[in-house]
Structures are given as structure tokens and as C-alpha cells.
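Beneath this line is the structure, given in C-alpha cells, with notes to follow.
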Amino acid sequence: MFILCGIALLLCLGCTTVVEKTGQALDGSAFAEKNIATYQTPDPQGKKKVPAEMEIREMRNKAGEHSVLITLHTFPAMRIRGSAPDSRGEFQLTSLDYLGGNHHGWNEYRLDLFGSGNLVLGETTAALSIPGEIEPVEISFGRIKRYDTRITGTEALTSLRNRRERIVALAEWMNSREDTPALDNQKAFAQYWKPLILPEMVKKKNRPEHWQQEHDLWVKAEDIRWNTGYTERMFPEMLRPIRNSGTMLRDWEEALEWLYIEYEWERIKESLAKERFYTRIK
């Protein structure tokens, strides 16, 4: 009953923290590691109520092995995991852990990473920089919850890997457009892109000008009539069947946070490349 209430609260509030705790409660992972130190970037304005831009947590599992988790306030569904730094401050990136909720359930995966950086953990402060390339490898673990169904194992891996291919392709196309404005948060991202990629799903006044033309053909999928003429004019060939089948709509509804992360991935790496200093709060 407690878990169901937690999920209900997520649906009402869209709270990532709740979905993280819900997923952990379902599999017991909340008890697999212990947070032994927490460092945060200081707030330049000195306002304690403002969330830290970035956070580092030093973790220890039941076997006594140490690792670090790096989180960014703008991307709360994502945690970058790395090994404990050695005596020279060098550490290896191991994975990007994602847990994001939607109106139907949640997606969880571990994307293996290849890369390294510099991390010094002190008694009161820490310093972090990842100046080299951070290369995504492959999703090695995942679980999906859709309504009352939980999908695990090979079926979940296949579904999540396929979804990642689609999301990466869409994000690359978005970033290739020259007219894209700077979008500082997920809300602005959704407001700008939804009318462009899913005009059938927004109010008429918000649709692109001339998105519908006289001889356009339509196809029905996912109970929506899709303008295939707009699809051909707007999208590269590889994305057209994804939109016309309604799959792009499902990806948008079930993995918007994920899409935003992939869209911002190059800028995330740029942010991590800069050396930052952190204050220990725990």
C-alpha cells in the first residue's frame, strides 16, 4: 500500500525524488549502499533554500567497496557513477544510472560509460573535473513498469536499447537544426519542441504555421491521426516511421526526461569538464 501511495503522489506532483524512492523500495536497492560523505557546489548568492547545482556522494556498499555518484540539479533523474579516486585523484567513470517516472510507471536503466576524470575528496572540500571524453557504451541493466506490469531481463534490455536508439536519433536531429534557441530547463524544452514534433497533440494556436497543406495524407496510429505530409517535410527519413507509427509520441510521454538528457548531453559534458570545488555538508 505504501508503494502504491508513493506512485500516486508521483503522478500528481511529477516528483523525481518520489519515483527514485519508489523504484528503490520495489527492488531493495535503497539498502544496498550507504552514503558516507556528501559534497555540494556552494551557492554564490548564499541562499540555503536554493538547490546546489551539482553534488557528489561518496558511497560504500555491503562489501566495503567505495564509489562516487555525481548528480546535476537540472537532471535529477540521472546519476553518473564512478570508481573511488586513487591516491593521485584519478577515477574511472562506470555508468549513467537513470530512473525516470511518467504517468504510466517508470523506466530504469544503467548505461555503461567509458571515461576518466580527476576527483579529490577532502575532509571539508572536494574538487572535480572530467576534461576528457565521456563515451556511452551500452545499456547493461534495465527495468520498466507500465501500469501494473513490470518488465525485466532480456525483454526490458531490448525495449530500453531500442528506445535509446530512437531518442538519440531524435536528439541529434534536434541539435542539428540551426534555428533552435537556448533552452535552459526541461519545461522550456517541452514548450518549444512539442508543437514542432507533435503538432497534432497541441492546441491549434500553438501549431507551426502551414504545418498542414491541401494534399497531405493522414494515417491513424495510437488512436491519433498523423499528418504524414508534415512528417515528410519536417523529419529526416529515419525518423518518419517513428513519428507516423505513434512511437515518437510514446517516447515523449514515457521518457521526456531521458530525451532532455540526450538533447543536453554535449552541454552536460562541457559542464563536467570544468574544474569545480565543492563543500562537504555531511
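Which cross-chain or sequence-distant (5 or more) residues have an amide H under 5 Å from the amide H of Phe141, H modelled 1.01 Å from N in plane?
Arg110
How big is segment 44-117 by Rg and Dmax over its Cα atoms, in Å?
14.6, 46
Against the longest alpha carbon principal axis of the chain, how many degrees, from 0 to 90 and to the nearest 10, is the axis of helix 186-197 turned?
Approximately 30 degrees, to the nearest ten.
Counting only other residues whose beta carbon sits under 9 Å from that of Thr74, what net charge do I get with K and R as +1, D and E as -1? Could the numbers behind the result be given before it?
Working: positive: none; negative: Glu53, Asp184, Glu264.
Net local charge, Thr74 excluded: -3.
Return one whole number: the accessible area per residue of the chain in Å², for a 1.4 Å probe. Don't skip to the answer; put the middle values down first.
Numbers: 15720 Å² over 282 residues.
Using a 1.4 Å probe on heavy atoms only, each residue of the chain averages 56 Å².
Is there a pair in Lys34/Lys269; Lys145/Lys274; Lys62/Lys274; Lys145/Lys220 whose C-alpha atoms are over 30 Å apart, and which pairs would that be? Working shown, then result.
On the way: Lys34/Lys269 27 Å; Lys145/Lys274 36 Å; Lys62/Lys274 33 Å; Lys145/Lys220 26 Å.
Those over the limit are Lys145/Lys274; Lys62/Lys274.
Mind checking the angle between helix 16-27 and the chain's longest principal axis? C-alpha axes, 0 to 90 degrees, to the nearest 10.
80 degrees
When the accessible area of the chain is split by element with a 1.4 Å probe, what percent falls to carbon and sulfur?
51 percent
For the chain, take N as its residue count and report Rg(C-alpha) divided by 2.2 N^0.38 Å.
Details: Rg = 20.5 Å, N = 282, 2.2 N^0.38 = 18.8 Å.
Cα-based Rg divided by the globular estimate yields 1.09.
With N denoting the number of residues in segment 215-261, provide Rg(C-alpha) divided by 2.2 N^0.38 Å, to two decimal places.
Working: Rg = 11.3 Å, N = 47, 2.2 N^0.38 = 9.5 Å.
That ratio works out to 1.19.
Would you mind telling me which residue in Arg240, Arg88, Arg164 has the biggest mean-square fluctuation in a Gaussian network model of the chain, where springs connect alpha carbons within a distance under 10 angstrom?
It is Arg88.
For a distance above 19 Å, tell me the whole-number percent of Cα pairs in segment 188-282 that qualify.
On the way: 2309 of 4465 pairs.
Beyond 19 Å sits 52 percent of the P(r) for segment 188-282.
Quick one: helix 2-13 against the long Cα principal axis of the chain, what's the angle to the nearest 10°, folded into 0 to 90?
60 degrees
Could you pull out which residues in segment 105-128 have an amide N less than 20 Å from a spot 7 Å beyond the Cα of Glu275, following the Cα-Cβ vector?
116-128
How large is ³J(HN,Hα), in whole Hz, for each residue of segment 223-237 in order, when computed from phi with the Karplus curve 6.51 cos²θ - 1.76 cosθ + 1.60 and θ = phi - 60°, using x for Gly and Pro?
6, 10, 8, 9, 7, 6, x, 5, 4, 5, 6, 9, 10, x, 4
The values are calculated or read from the model by the stated rules, or taken from the named source; none is laboratory data. All of these numbers come straight from a predicted model, not from anything done at the bench. Every residue, glycine as well, gets a Cβ built from its backbone with ideal geometry; the counts of neighbours run over all protein chains shown. Heads up: the accessible areas ignore ligands, DNA and RNA and are worked out on the full protein's heavy atoms, side chains in. Shrake-Rupley method; radii C 1.70, N 1.55, O 1.52, S 1.80 Å.
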